[in-house]
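Structure first, commentary second.
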Amino acid sequence: MKKQLYRAAAATVLGLSLTTGIVAADTGSISNTGASSYNTVGTSATDNSTATNNNNVTASNLNGQTAHTGDVGSYRNTTSAGTTSSGSATNANTVSAAFTVNNSASSTATSGMTLPSSSNGTISTTGANSQNSVSNTYTNNSHVTNNNTEYVTNTNTQSATSGDATVAANTTGGAATSGNASNTASSTFTFNVTN
């Protein structure tokens, strides 16, 4: 009787080794095993996905502007000196920066595995007191790390000075006009980060 049980156990081990390829394909079949045998059909799949995004975006604008108009003067004239004027001094600065960061790999990493539509395993015609099980295990481990750093520095130093306009010691006065001094600065920063 013991010899027959040993033969049945050996047949079970042989049957498992022959169906290994089928189990990997989400199907497995074990049948006609002896008494008190242990029969298992199992499928296991593991998906380990890791995505790390380090996005460092830096924009820096250093703008130093100086505008000066010249001095205008009318001195010690017997008749009217007329009109004297200096020209205008103008500075203009325009900065526009646009950055777009798109980490589409993050969504791909978290999508995980594609599970089969069906997982089949059959165990039939086993002997008395046998233990039979069919199991399917799917594990998805997804880790996504996004480190986004956006840094903007905008330093604007402006100085505008108009010159002196002086009319002095004239018999009849004239007109003296200094020009305009102006500074214009415009900065635009746009950041679009999508993980």
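Just so it is clear, none of the values below were taken in a lab; they were calculated from the coordinates. This one's a predicted model, so the numbers in the text were calculated from it and none came from an experiment. All Cβ positions, even for glycine, are placed from backbone atoms using ideal geometry, and neighbour counts span all protein chains on display.
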key: Estimated distance in nm for a label pair at Thr155 and Phe191, the labels positioned 7 Å out from Cα along Cα-to-Cβ   = 1.9 nm
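Semi-axes of the equivalent ellipsoid for the range 127-195, please: Cα gyration tensor eigenvalues, times 5, square-rooted, ordered largest first, whole Å. Could the numbers behind the result be given before it?
On the way: eigenvalues 1500, 15, 2 Å².
Over the Cα atoms of the range 127-195, the ellipsoid semi-axes are 87, 9, 3 Å.
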For the range 37-109 versus the range 121-195, the gap between their alpha-carbon centres in whole angstrom = 9 Å
query = Using a Förster distance of 35 Å, how high is the FRET efficiency between His143 and Thr94, based on the Cβ-Cβ distance and rounded to 0.05?
reply = 0.20
inquiry  = Tell me the Rg and the Dmax, in Å, that the Cα atoms of the range 25-68 produce.
reply    = 33.1, 106
